[in-house]
Amino acid sequence: MLKLVYSADELMASHPFAQFHEAAGHKLHGGFDNDGAYTPPRSLHRWPAIHAWQAEVERKGLPLIDCSPDLLKMGNYPSTDQQRFLLRNGFAQTLWNSLTIAGIIEGRGKLLADFPAPNFQEIIVEDISEMCLGHLNKGLLVAHGWDEGGNPATDIGAHDEMWFAVRDALFGEGAYPLPEPPERIGRPEQGRLMPQIPQAHEEYLLLLMNLTMIEVRAEATFRFYESVVNATDTFADNPEGVQLAAELIDRIRQDENIHVASLRVMLSEFRGLTIKTNDGGTMAGKDLFDPIWAPMIEWHVTTAFQASREQTRDTLREQILAAPDGEKLFAEFEALEQRQMAAE
Ligand SMILES: [Fe+2]
Ligand SMILES: [Fe+2]
């Protein structure tokens, strides 16, 4: 029998690490096992639990929603070639800024640990105590939030600090002044999307769906940074820093895999359950979920991507144009994107 019910203590428990995690002067979460393999924080029971809940979804014959990078239509902006061009032409600070901002944005994810979810059992007919959805406030959300922004009771860094460590491994500490993070790009207010259920539950479901897409989009960012870092002409004088940066990015990815997997399972469970509606009736979870999910994916992969591209392009443009031969360099920079789109 698979174990399907976990306590908060279990879901928050880490492995007995053989070695703690420290890199580029940053004390970080997670650790290493006896073989030196990286082990994400709070994953001793959390990973087996997610696998068990997923196995239950599959055993019931319910489809798992697609949360793969195949959902994405575009890679990263700027592209790897564009970023390498910037590095070659004296705009290394653009990469430093972007890694710093990646860390700042990750840190905002701590929010999840600070706001408990409403009780989903109140709007679901079936018993959810043996499901992922039944464990949101039993450690899952706090573990997730702390993975992003750290446990405030400790001095151990999370994804925010891990991106700063990637940056410092490549550039050394304090290479440039701190950049101003861009404004958040939020989905415009849509009014009630699921008036059949209480507002608190709707808001939390939307938060989980948005978060899922943000996590899916993060994979494109990992691929971008990996290819920039590993490009032979970048940081050729700092092979150790390059290696550490690449390892750190992969450690963040291993942590994020847990997030995507748990979000995928909880949303897939929701689709398969019977929802109690405000008018005293019931409806299938998928009839509530699917009409919201498809446009949500679309918004993230096109509208949000384009808006963030514009924002980044404006910032880069300003920096490039400030250089003596800025006009010419910006034209070359833009041409690299055209060439990439033509190749795709
Ligand atoms: Fe993260
Ligand atoms: Fe995450």
*Distance between region 176-252 and region 2-76 - C-alpha centres, whole angstrom*: 17 Å
*Using Cα pairs under 8 angstrom and six or more residues apart, how large is the relative contact order of region 205-344, in percent?*
19 percent
*Over the chain, calculate the relative contact order: mean separation of alpha carbon pairs under 8 Å at least 6 apart, over the residue count, as a percent.*
23 percent
*MRE, 222 nm, helices only [DSSP H, n ≥ 4, -39500 (n - 2.57), over the chain, to nearest 500]*: -17500 deg cm²/dmol
*Over the Cα atoms of region 80-155, what Rg and Dmax result, in angstrom?*
19.5, 61
*Taking 0.36 nm per residue of separation and subtracting the Cα-Cα distance, what length does fully extending LEU4 through ALA335 add?*
113.8 nm
*Distance from the Cα centre of region 138-166 to that of region 260-279, in angstrom?*
26 Å
_Links that overshoot a 29 Å alpha carbon limit, given the list LYS3/LYS27; LYS138/LYS276; LYS73/LYS138; LYS27/LYS110; LYS110/LYS276; LYS60/LYS110_ = LYS3/LYS27; LYS73/LYS138; LYS110/LYS276; LYS60/LYS110
*Using Cα pairs under 8 angstrom and six or more residues apart, how large is the relative contact order of region 9-56, in percent?*
40 percent
*Assign one of three labels to region 7-107, namely rounded, prolate or oblate, based on the Cα gyration tensor with a ≥ b ≥ c the square roots of its eigenvalues; rounded applies when a/c is under 1.5, prolate when it is not and a/b is larger than b/c, and oblate otherwise.*
oblate
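Please state, rounded to one decimal and in Å, the Kirkwood hydrodynamic radius that region 181-233 gives when every pair of distinct Cα atoms enters the mean of 1/r. Mind showing how you got there, number by number?
On the way: mean 1/r = 0.0718 Å⁻¹.
13.9 Å is the Kirkwood radius here.
So, with +1 on the Cβ of K and R and -1 on the Cβ of D and E, and no other charges, what is the size of the charge dipole of the chain about its Cα centre, to the nearest 20 debye?
Details: 29 positive and 52 negative charges, 94 e Å.
It comes to approximately 460 debye.
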*What do the square roots of 5 times the Cα gyration tensor eigenvalues come to for region 257-344, in whole Å, largest first, as semi-axes of the equivalent ellipsoid?*
46, 13, 12
*Can you tell which of GLY61, LEU2, HIS159 lies farthest toward the positive end of the dipole of the chain, using +1 and -1 charges on the Cβ of basic and acidic side chains (Lys, Arg; Asp, Glu)?*
GLY61
_Principal axis dimensions, largest first and in whole angstrom, of the chain by Cα_ = 69, 47, 33
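Taken together, the values in this text are just the output of simple stated rules run on the coordinates, not laboratory data. Just so you know, these numbers come straight off a predicted model, no measurement behind them. FYI the Cβ positions are ideal-geometry reconstructions off the backbone, even for glycines, and counts take in every protein chain you see.
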